[in-house]
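Report on the structure given below.
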Amino acid sequence: MEIVSIEFLIFFAIVVVVFHILPARARCGFLLLAGYLFYGSRDLRYLAVLAVATLVSWAGALLIDRGKTRSGRRSVCIALWAFHLVLLGYFKYAGFLTGGRIESLLLPVGISFYLFMACGYLMDVYYGRISPEKNIVRYALFVSFFPTILSGPIERAGNMLPQFSLTFLERVRFDTDRIRDGFVRMLWGFFMKLVLADRIAILTDTVYASPEQYGGALMAIVTVLYSFRIYCDFAGYSHIAVGMAQCLGIRVMENFKNPYLAESIPDFWRRWHISLSSWFRDYVYIPLGGNRKGIVRKYVNIMVVFLLSGLWHGAGWTFIVWGGLHGLYQVVGALLSGVRKKAAAFFGADQSRVSVRIVKILFTFGLVNLAWIFFQAPDLASVAQICSRFVHPKVWELFDGTICTLGLDRANVAVMFGGLALVGIVDLLDERGIRLSEKIASMRLWIRWPVYLAAILFIVLCGMWGTGYDSTSFIYYRF
């Protein structure tokens, strides 16, 4: 069952209605059943892996809590982490780590997300941040909550488990305003996915399939479009997930905060895939020593974290290089911070000036774009082939209509660029503390609902319209 489908929307509507009808004591079990039904609809074998990971981490946390000594608890925690990482390694990295000699039989969708949630839970119990959850149903729901199980956000037990308690669920009422706002959040996610990400995918896939046919100018535009493709795809899913949870009265953490308005690479990672970057910070970077053990160790820890982040995204050298580039950006940026400050003082550059901020945003965006080339390429040879095109600009391809021969006609290209402009406006307004959704919600009823209905109609029409156009699975499903 795909989230972008009529079947899922019917399923979700039934879940929301039944959830609010049921007494509070039955809601947790019902959501768990819904999560397993949704996840199992993709492949029943996935459920076996999910169930094993759930039971082992639940029982393991109880063992950690009962440990008599710190060293004993640490040993149990390390063993449990090793178990989950071996599980992840087999299903996701067996072929890569063995040079293709061993291949896993399947790759359960979303396995990286729920195994990281389980590992974070074990670490939180070990450090005493939370008490172990004794109710297996509540814990299993935390791991398999259906809005987040496929592509996150990678939630924390300290945030989610209290919301599955009887006390909290008793306070959840059928609130039409809350459900409306959640549905509008979902609509924005569907817009980013169906209208933008899937359209851009047609164009970028066409060019990247045979880069030798195109010039550097067009390749640069396509690289920028790929940056927005992955943003609209992944942020779109996150908006849908947050909106679905909101309809159920559950608060899920935000995963994106206008990342392409970042003024530095560290700022970018405070805005992009926030749940993953904060997970690596709390459960890898800080336990490794963070910045507490000297400057050299700090830089080593940064590189380790980003190399692991690259590997988390995919079993391939291109992902590792992508992560390494982001780590290198941060290390070099830190090493040159003193030089940058002296240069700014020498030229009298006021860091708060709009022009200076724009330059910083554009420079950061350029670095991120460069790294995305490695992310999307199937291998390093393809990266070299793509980069080689930049020395052959062929600027005329930007003006001779070539862009309308890459799988999208002029009307679809216009929809794509118009939609991207809208995303840019919404992000800029949000950066200034202006929420467009809140402005629309505050309008009078006779204005507000025509806007909502027009948005639904536009998304439905654009989701089906276009030669060779079809909705694809979210990119981050495979991570």
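Each reported figure results from applying straightforward, stated rules to the coordinates on display, with no laboratory input. Here the structure is a predicted model, which means the values were calculated and not measured. Note: ideal-geometry Cβ built from the backbone for every residue, glycine included; neighbour counts use all protein chains shown.
Here are some notes:
- Zone residues, the stretch 283-313, relative to Arg74, backbone N less than 18 Å from point 7 Å out along Cα-to-Cβ: 283-290, 292-293
- Cα gyration tensor shape for the stretch 279-401, rounded if a/c is under 1.5, else prolate or oblate: oblate
- Taking label points 7 Å from Cα along the Cα-to-Cβ direction, Val300 and Ala51 give a separation of 4.4 nm.
- The calculated FRET efficiency for Ser442 paired with Arg66, based on their beta-carbon distance and R0 = 60 Å, is about 0.70.
- Whole-Hz Karplus values for the stretch 30-35 come out as 5, 5, 5, 4, 4, x Hz, taken residue by residue from phi with 6.51 cos²θ - 1.76 cosθ + 1.60 and θ = phi - 60°; glycine and proline positions read x.
- Each label was represented as a point 7 Å from its Cα along the Cα-to-Cβ direction; for Val339 and Phe8 these points are 4.6 nm apart.
- Longest to shortest principal axis, alpha-carbon extents of the stretch 179-226, angstrom: 49, 15, 9
- Using the alpha-carbon positions of the stretch 353-441, Rg (one decimal) and Dmax (whole number) come out as 17.6, 50 Å.
- Given R0 = 41 Å, the distance between the Cβ atoms of Arg281 and Ala454 translates into a calculated FRET efficiency of 0.50.
- Distance histogram in 10 Å bins (all Cα pairs of the stretch 248-349, percent per bin): 14, 38, 32, 13, 2, 0
- Start at zero, step by 10 Å, and the Cα-Cα distances of the stretch 1-124 spread as 11, 31, 31, 20, 6, 0 percent across the bins.
- Reported to the nearest whole Å, the Cα centre-to-centre distance from the stretch 280-341 to the stretch 29-48 is 36.
- Taking 0.36 nm per residue of sequence separation and removing the Cα-Cα distance, the Arg435/Val332 pair yields an extension gain of 33.5 nm.
- Förster-model FRET efficiency, 35 Å R0, Gln385 and Val359, C-beta, rounded to 0.05: 0.70
- Packing-based order for 273-284, 2-13, 235-246, 135-146, using average beta carbon neighbours within 10 Å, highest first: 235-246, 135-146, 273-284, 2-13
- Ellipsoid equivalent to the chain - semi-axes via the Cα gyration tensor, in Å: 35, 30, 23
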